[in-house]
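Undergrad: Got a structure here, written out as structure tokens. Questions coming.
The values are calculated or read from the model by the stated rules, or taken from the named source; none is laboratory data. Since the model is a prediction, treat every value here as computed from it, not as a measurement. So basically every Cβ, Gly included, is an ideal-geometry build from the backbone, and we count neighbours across all protein chains shown.
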Amino acid sequence: MTELEHVEIEGFKGLEYVEFEPTDINLITGRNNTGKTSLLEAVDLLFEPVNLQEFDDNLDSVINTKFDSAEISGESDSASFEANIRKPSLSEAENLFFEIASNTGGFQMSLAQFTTDEKSEVPSEEKADAPRQIYENIRNSLVDAIREKLVREPTEGLRDEILILSTADREYPCFLSGKRSTTLIRDILEDVVDEFRGSEKIDNLGFYHNQRGPRGYFEFSSRRVELGLPPRNTFVERPTPTNLTTFIKSTATTDDIKRTDDNQESVKIDDIGDFIQERDIVDNLKSFSLDTLIFETEDGEKEPIPFDFMGDGFKAIVGLLWELMDDDVENQIVLIEEPENHMHPGYVLKLVHFLIDLARDENVQFFITTHDHDFIKDFFADMPDEKRDYLEDEFSLVKMDDFGAEVLDYETAEHDLKDLHLDLRGI
């Protein structure tokens with residue numbers, strides 16, 4: 001099991017500096033806009049740097065405006081982890097653009113028949129059909145044009161269109177795209193076309209965007225040359241997923257449940273039904289599925305109710321159980337964003353005890369955001385002695401504010417519950 005024993009975050013999104021020693025169960029609370037979700041995202045990036053792409057059009061804002069870089073580090077009992085995010089230097093940006101434009105972006109030449117207004121793409125494997133000498137000549141011309149543009153044209157803007165994520169052992173450039181890089185690609189392709197106009201009749205020249213990113217092309221003698229950049233907000237080379245974390249970002253509905261129709265899915269559905277019946281989540285439930293629930297009426301009859309007819313609170317707890325009862329969750333770090341949303345207080349109490357059991361018995365480490373005082377209180381009220389003994393060693397309440405975080409142990413958090421309630425209400 002990988003369990004974080006120390007975490008340090010600096011300059012990530014709205015977080016200026018946070019450092020603490022996590023336990024098995026870490027509740028992260030505070031008023032709105034104090035960085036609760038950012039803390040979860042930072043822990044996720046520590047183990048799954050590939051998820052940086054999920055910030056999409058907000059990628060250029062992951063570094064706090066007061067800092068030059070975002071630095072995230074963590075330690076377990078057996079390893080150290082880090083994920084640092086920064087802009088490249090100007091020379092790094094130029095070198096990366098050269099690499100992206102000349103190789104990664106998708107330079108290719110294909111042999112095919114084209115009409116002058118056709119803009120369909122040609123599979124890259126057809127590239128080998130083009131005469132090798134022509135291909136080499138154009139590629140050499142392209143490389144020369146890229147080098148010349150990087151010398152003659154302003155390149156400072158490229159620094160804002162690339163991020164570099166560093167882990168403990170290597171760096172991963174992430175291409176954001178933007179006006180400067182797109183303009184350079186257009187100018188480079190036009191320079192190559194101008195060079196070949198003297199010896200070849202250029203049939204067509206154009207630029208377009210698709211799922212592969214911004215691209216330009218020209219056609220001559222039934223051949224097509226393409227030059228492009230990667231899709232915006234993507235890694236040039238993707239980091240390998242570690243599968244050490246599960247990030248549950250929403251429990252509002254079950255829309256995100258991924259059905260597989262295999263035997264394991266049937267077992268999971270049966271386990272969820274057992275939990276609902278054993279914990280009395282709903283009364284008189286005879287059988288459960290994601291399509292129909294069977295209830296027993298007062299006169300002993302069986303009444304089918306479509307799953308879609310159930311309330312949002314019931315769907316929320318089913319959606320959460322679907323994630324937590326997955327075999328992959330065992331021995332993982334699980335990040336949950338406001339699990340109590342849409343849930344009846346009775347559901348929330350059942351959920352709290354389930355989370356404690358999962359952390360204690362299945363070696364799961366939780367980082368959970370909440371601003372619900374009742375959810376927090378359920379970790380203390382009428383808690384059985386054996387669970388209280390466990391929580392006294394393995395529970396932390398992380399109170400976020402504009403200046404960082406204050407970490408309370410179980411006894412201190414219980415003592416401060418009233419003050420915490422007033423603070424969450426903004427009083």
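Undergrad: Only one residue in V193, V225 is among the aliphatic types (A, V, I, L, M), within 18 Å of N103 (Cβ to Cβ) and either outside any loop (DSSP other than H, G, I, E, B) or at pLDDT below 85 (or both), so which one is that?
TA: Working: V193 fails: within 18 Å of N103 (Cβ to Cβ).
Criteria check complete, one pass: V225.
Undergrad: Looking only at the stretch 23-37, decide whether some residue is part of a helix (DSSP H, G or I) and of a type outside the set (V, I, T). Step through it out loud before you land on a result.
TA: Filtering the stretch 23-37 down to residues part of a helix (DSSP H, G or I) leaves 36-37.
Cutting the leftovers down to of a type outside the set (V, I, T) gives us 36.
The answer is yes, given that some residue of the stretch 23-37 is part of a helix (DSSP H, G or I) and of a type outside the set (V, I, T).
Undergrad: Within the stretch 9-26, can one find any residue that is buried (at least 18 other Cβ atoms within 10 Å of the Cβ), under 16 Å from the mean Cα position of the chain (by Cα) and aromatic (F, W, Y)? If you could, list the steps in order and put the result at the bottom.
TA: Step one: list which residues in the stretch 9-26 are buried (at least 18 other Cβ atoms within 10 Å of the Cβ), which gives 9-13, 15, 18, 20, 22-26.
From what's left, under 16 Å from the mean Cα position of the chain (by Cα): 12-13.
Restricting the remaining residues to those that are aromatic (F, W, Y) gives 12.
Among the residues of the stretch 9-26, at least one is buried (at least 18 other Cβ atoms within 10 Å of the Cβ), under 16 Å from the mean Cα position of the chain (by Cα) and aromatic (F, W, Y), which makes the answer yes.
Undergrad: Hey, can you tell me all the residues within the stretch 364-377 that are within 23 Å of the chain's Cα centre (by Cα) and over 18 Å from D44 (Cα atoms)?
TA: We begin by selecting, within the stretch 364-377, every residue within 23 Å of the chain's Cα centre (by Cα); these are 364-371.
Matches in the stretch 364-377: H371 only.
Undergrad: For the stretch 260-297, how many residues are surrounded by 12 or more Cβ atoms within 10 Å (Cβ to Cβ), assigned to a loop (DSSP other than H, G, I, E, B) and hydroxyl-bearing (S, T, Y)?
TA: Summing the residues that are surrounded by 12 or more Cβ atoms within 10 Å (Cβ to Cβ), assigned to a loop (DSSP other than H, G, I, E, B) and hydroxyl-bearing (S, T, Y) in the stretch 260-297 gives 1.
Undergrad: So, I336, is that one assigned to a strand (DSSP E or B), surrounded by fewer than 16 Cβ atoms within 10 Å (Cβ to Cβ), touching a residue at least 12 places away in the same chain (Cβ under 8 Å) and not polar (S, T, N, Q) or not?
TA: Details: assigned to a strand (DSSP E or B): yes; surrounded by fewer than 16 Cβ atoms within 10 Å (Cβ to Cβ): no; touching a residue at least 12 places away in the same chain (Cβ under 8 Å): yes; not polar (S, T, N, Q): yes.
In short, no.
Undergrad: Go through the stretch 344-371 and give me each residue that's assigned to a loop (DSSP other than H, G, I, E, B) and touching a residue at least 40 places away in the same chain (Cβ under 8 Å).
TA: Once the filter is applied, which keeps residues that are assigned to a loop (DSSP other than H, G, I, E, B) and touching a residue at least 40 places away in the same chain (Cβ under 8 Å), the stretch 344-371 yields N363, V364, T370, H371.
Undergrad: Spot the failing condition for L320; the list is (1) in contact with a Lys or Arg (Cβ under 9 Å, 6 or more places away or on another chain); (2) crowded, with 19+ Cβ neighbours inside 10 Å, and only one is missed.
TA: Condition not satisfied by L320: (1).
Undergrad: With respect to H344, determine if the residue is touching a Gly at 6+ places or on another chain (Cβ under 7 Å), surrounded by fewer than 20 Cβ atoms within 10 Å (Cβ to Cβ) and either of a type in the set (S, T, Y) or in the same structural domain as K13 (by TED's automatic domain parsing) (or both). Let's see the steps before the verdict.
TA: Details: touching a Gly at 6+ places or on another chain (Cβ under 7 Å): yes; surrounded by fewer than 20 Cβ atoms within 10 Å (Cβ to Cβ): yes; either of a type in the set (S, T, Y) or in the same structural domain as K13 (by TED's automatic domain parsing) (or both): yes.
Taking the combined requirement at face value, the residue satisfies it.
Undergrad: All but one of (1) in contact with a helix residue (DSSP H, G or I) (Cβ under 6 Å, 6 or more places away or on another chain); (2) closer than 30 Å to F12 by Cα hold for I368; which doesn't?
TA: (1)
Undergrad: Here is a further query. When you look at T167, is it at pLDDT 90 or above, under 30 Å from N331 (Cα atoms) and outside the structural domain of E54 (by TED's automatic domain parsing), yes or no?
TA: On the way: at pLDDT 90 or above: yes; under 30 Å from N331 (Cα atoms): yes; outside the structural domain of E54 (by TED's automatic domain parsing): yes.
It is true that T167 is at pLDDT 90 or above, under 30 Å from N331 (Cα atoms) and outside the structural domain of E54 (by TED's automatic domain parsing).
Undergrad: Right, here's the next one. Residues in the stretch 174-191: is at least one surrounded by 20 or more Cβ atoms within 10 Å (Cβ to Cβ), touching a Phe, Trp or Tyr at 6+ places or on another chain (Cβ under 6 Å) and not polar (S, T, N, Q)?
TA: Yes, the stretch 174-191 contains a residue that is surrounded by 20 or more Cβ atoms within 10 Å (Cβ to Cβ), touching a Phe, Trp or Tyr at 6+ places or on another chain (Cβ under 6 Å) and not polar (S, T, N, Q).
Undergrad: Moving on to the next point. Of all the residues that make up the stretch 82-120, how many are at pLDDT below 90 and either touching a Phe, Trp or Tyr at 6+ places or on another chain (Cβ under 8 Å) or not acidic (D, E) (or both)?
TA: Total meeting the criteria: 19.
Undergrad: For the stretch 378-400, give me the residue count where each residue is closer than 27 Å to V282 by Cβ and either buried (at least 18 other Cβ atoms within 10 Å of the Cβ) or not assigned by TED's automatic domain parsing to the domain that holds I248 (or both).
TA: The first filter runs over the stretch 378-400 and keeps only residues closer than 27 Å to V282 by Cβ, leaving 378-384, 387.
Those still in the list that are either buried (at least 18 other Cβ atoms within 10 Å of the Cβ) or not assigned by TED's automatic domain parsing to the domain that holds I248 (or both) too: 378-379, 383.
The total comes to 3.
Undergrad: Residues A79, A42, A70, A83: which one is touching a Ser or Thr at 6+ places or on another chain (Cβ under 7 Å) and not basic (K, R)? Please lay out each step first, then the result.
TA: Details: A79 fails: touching a Ser or Thr at 6+ places or on another chain (Cβ under 7 Å); A42 fails: touching a Ser or Thr at 6+ places or on another chain (Cβ under 7 Å); A70 fails: touching a Ser or Thr at 6+ places or on another chain (Cβ under 7 Å).
Of A79, A42, A70, A83, the one residue that is touching a Ser or Thr at 6+ places or on another chain (Cβ under 7 Å) and not basic (K, R) is A83.
Undergrad: Next up: Those residues that are touching a Ser or Thr at 6+ places or on another chain (Cβ under 7 Å) and either surrounded by 15 or more Cβ atoms within 10 Å (Cβ to Cβ) or part of a helix (DSSP H, G or I) (or both), I need them from the stretch 298-311; list them, please.
TA: Result: F307, single match.
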